[in-house]
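A short write-up of the structure that comes next.
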Amino acid sequence: MSKKASGKTILSNIDIPMLEELERKILWLSSWTIHNANHIRESRDGLKVGGHQSSCASSATLLTALYMHTLRPEDRVAVKPHASPVFHAIQYMLGKQTREKLEDFRALGGAQSYPSRTKDIDDVDFSTGSVGLGVAATLFGSIVRDYVRLHERGDERHNNRLVALMGDAELDEGNVFEALLEGWKHDVRNLWWVIDYNRQSLDGVVHDYLFQRIADFFSSVGWKVVEIKYGKLLEAAFTRPGGDQLQSWIDNCPNQLYAALTFQGGAAWRTHLQNDLGKVKGIKALLDDHDDDALQKLMTNLGGHDMAATLEAFTSVGDDDTPHCFVAYTIKGFNTPLAGHKDNHSGLMNPDQMDGFKASHNIRDGHEWEIAEGLDVSEDGLRAFLKDAPFAQRPVPSSVPAVPVHTLPAPAGERMSSQEAFGHILNDLGRGDSELARHIITTTPDVTVTTNMAGWVNQRGLFRHDEIEDTFREEKVPSAFKWSMSPSGQHIELGIAENNLFLLLAALGLSDKLFGARLLPVGALYDPFIARGLDALNYACYQDARFMLAGTPSGITLAPEGGAHQSINTPLIGLTQPGLTTFEPAYADELAHIMGWGFEHMQADDGGAVYMRLSTRVIDQPQRDFSAISDDVIAGAYWLREPAPGAELAIVYSGVIAPEAIKAHDAILEDIPDAGLLAITSTDRLYADWQATTRAYARGPNVAPSHIETLLSRLAPDAGLVTVMDGHPMTLGWLGSVASHDIAALGVENFGQSADLQDLYRLHGIDADAILDGAAAVITKGMRKRRGYRLAAE
Ligand SMILES: Cc1ncc(C[n+]2csc(CCOP(=O)(O)OP(=O)(O)O)c2C)c(N)n1
Ligand SMILES: [Mg+2]
């Protein structure tokens, strides 16, 4: 049930006038920061810089109340993207943001357009920008915090509150509801979502009575909903004669009309109130008591702009750890000339409007950035207040020591799939008691068994606040999988929602920074469904979250299961996604080594997340001295079969297609005995290295060749390459540019057909015959070229 904030909450020891002054200051600074960037700072490109003065104004009271009063130092917050200037202004007031960065808002090195963990200096907890994701990230953050607490790790941050200040239109993003349901399953606690309920999105005004739907949604998943609807002026007016009718007039006023009247101001309110309520006893007196300015102030006195009403709602929660949703009624553009206009989302005050706004804030020219300028409080008093604000006590984060990573032995077996190998490696880790294993936490969106993670889960159990035994086990129903849950479990089972997987991985992968406890998260999902959670994956990487991801099964190799489960472009996603290093190993020994490297990379200062594209196809495993190639596997490629120096052909493959490449190579040796067979374990690493080397040449000739240049230098300058993989051929297509070799790039360019492996590989042109055709093509092309060169020379 929704409840209204109790008016009885004691606010007597809160310095509300000081907070109101701060709110004015923060509104001023955020508006000025945007104005400065758009109208004062020199523009070199003539482009609009932008910024959202109306979105900022809408949230100024709420964010001031949170940061200057309610938040505790250890709380973690996501701020709606378009309130970034408000956030930076608050941090500036708290001494954590510089004037230079505000002056450079949206410029290189300046305060970021949307709060950014990695690019801003002022203690951003969660980056935001893609609406809906930051909100849900706090929910998954609260699960991670509980995990850390129940595993007795981390520091005082275990008991903190996770808070999102969100726009109301963020509720249109489905990922928010996916998260809410998952949160209910995991019994989320100490989580606040404060909705800046200005009833406007980007294009216009949102539906009427949305509040009721919001209240229903949240209540049904166990949240308390607190409405912050009216400010103290309106509440007082409601107690006057005619007040009831005034209240129901406002309650029933369509959002569009309320917004339009807000924009028009006092005279417009008067006309409408006279028309609609003129006959109601007491209304005339109320209107007579208020001039146009006072009437505008009264009618726009919503709870989310009333410091006392807002704080009453926040403080009314006390120690209750039930998740809370605050629906704070606000006005987009409040207290600016843009207020209420439906087109104000990207609107900026023009210089004349800014002059008026500046005068109303008593700001003198040249004093725009001074923290006490124009306020009714002394600078000393202000500084003392800011110094004592609970949030100002937030300590500088210290780094958490790395978990030692031991060698991960390759699972033994003559035939195995890379997915099985993944399962064995985790299972072996789960059986032992290493530091590494204790810090691993796994998660999947309902594909634990089918991605071979069940062995690990059997060892380590599922995580849950309370103990739940495996009923099948208790009832003695045979099953290979133990499904018992407890606070010490090390696997978080999610429902089928890939967005949630990536948001959880994001939160888990920031655990050292958010909660002072290092975790090594490993997630798995069916490779094609990366696309379903792609924005959340991008979001996780953007925040520099550290996790390991297995996309399995992948490609068309899952064959009869095929159809809509086939993935084509995931290698390109992996290749092009910043913050994510992608591998596509074929063999178990490669995978074990990559995972070991991955756990280190996830902890390195300049590291990142790791993605491994795996398969369920069982293939012959090489029995070999792995140490000879271990470095090359991480560098991204090695000669599975060395070419003779000056060879005129190499077959280049990546991943599960290895047997076809080997078969084709065997066949080619009859005609071209010096041909090589190159195994690519990470196109991503190879490409990054090649690009870096190419850039280095710009600084002079003394550059060590990149790994791929070294490998391909074994071939003749006019050799041909046939590349092949179960993925888009573009992934390896660039290899022809490394040393100007002719190339036939084979791969999968279409999807959706179920069939067995032989038919599919033939259909898509990636079987051994297709590789041989590719070889014939490049060799013929090479011969023609050589002849052409000769002709040209003659
Ligand atoms: C995923 C995504 N889609 C679209 C946008 C473009 N966009 C920016 S703000 C916005 C509407 C925001 O409305 P609301 O959340 O209510 O914020 P406020 O009214 O407080 O500005 C949209 C559609 C975006 N930032 N992210
Ligand atoms: Mg809005």
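The values are calculated or read from the model by the stated rules, or taken from the named source; none is laboratory data. The structure presented is a predicted model; accordingly, all values stated were derived computationally and were not measured. Don't worry about glycine lacking a Cβ; one is built from the backbone with ideal geometry, like all the others, and counts go over all protein chains shown. These area figures cover heavy atoms from the full protein model, side chains too; ligands, DNA and RNA do not enter into them. Shrake-Rupley method; radii C 1.70, N 1.55, O 1.52, S 1.80 Å.
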Hits in the range 295-306 - residues which are more than 14 Å from ligand 1 (Cβ to nearest atom), open to solvent by less than 10 Å² (accessible area, probe 1.4 Å) and either closer than 24 Å to residue 135 by Cβ or assigned to a loop (DSSP other than H, G, I, E, B) (or both): 300, 303
Verdict on residue 555 being modelled with pLDDT of 95 or more, part of a loop (DSSP other than H, G, I, E, B) and of a type outside the set (Asp, Glu): yes
Residue within the range 413-435 that is touching a Phe, Trp or Tyr at 6+ places or on another chain (Cβ under 7 Å), closer than 30 Å to residue 74 by Cα and not hydroxyl-bearing (Ser, Thr, Tyr) present: no
Of the criteria (1) more than 16 Å from ligand 1 (Cβ to nearest atom); (2) open to solvent by less than 10 Å² (accessible area, probe 1.4 Å); (3) not polar (S, T, N, Q), which one residue 292 fails: (2)
Qualifying helices (runs of 4 or more DSSP H) (wholly inside the range 464-528; at least 3 residues being surrounded by fewer than 16 Cβ atoms within 10 Å (Cβ to Cβ) and hydroxyl-bearing (Ser, Thr, Tyr)): none
Boolean, residue 124 is farther than 26 Å from residue 489 by Cα, in a loop (DSSP other than H, G, I, E, B), in contact (Cβ under 8 Å) with a residue 24 or more places away in the chain and open to solvent by 30 Å² or more (accessible area, probe 1.4 Å): no
Qualifying residue in the range 104-111 (condition: farther than 30 Å from residue 160 by Cα, away from ligand 2 (no atom under 16 Å from the Cβ), in a loop (DSSP other than H, G, I, E, B) and open to solvent by less than 10 Å² (accessible area, probe 1.4 Å)): yes
Qualifying position, being over 31 Å from the mean Cα position of the chain (by Cα) and within 16 Å of ligand 2 (Cβ to nearest atom), among 330, 336: 336
Where a residue in the range 681-700 is at pLDDT 95 or above and its partner, wherever it lies, is open to solvent by 70 Å² or more (accessible area, probe 1.4 Å), with Cβ under 8 Å and at least six apart: 693/704; 693/705
Complete set of residues in the range 194-204 that are near ligand 1 (Cβ under 10 Å from one of its atoms) and in a strand (DSSP E or B): 195, 196, 197, 200
Meets criteria (away from ligand 1 (no atom under 16 Å from the Cβ), over 26 Å from residue 56 (Cβ atoms), modelled with pLDDT of 95 or more and within 34 Å of the chain's Cα centre (by Cα)) for residue 322: yes
The range 339-373 - residue that is small (Gly, Ala, Ser) and more than 16 Å from ligand 2 (Cβ to nearest atom) and, of those, surrounded by the most Cβ atoms within 10 Å (Cβ to Cβ): 372
Top-ranked residue in the range 53-73 [being open to solvent by 10 Å² or more (accessible area, probe 1.4 Å) and either over 24 Å from residue 230 (Cβ atoms) or out of contact with any Phe, Trp or Tyr (no Cβ under 8 Å at 6 or more places or on another chain) (or both); ranked as nearest to ligand 2 (Cβ to nearest atom)]: 72
Residue within the range 483-498 that is over 21 Å from residue 137 (Cβ atoms) and of a type in the set (Phe, Trp, Tyr) present: yes
Options 41, 76, 24; residue that is farther than 22 Å from residue 336 by Cα, open to solvent by 10 Å² or more (accessible area, probe 1.4 Å) and away from ligand 2 (no atom under 16 Å from the Cβ): 76
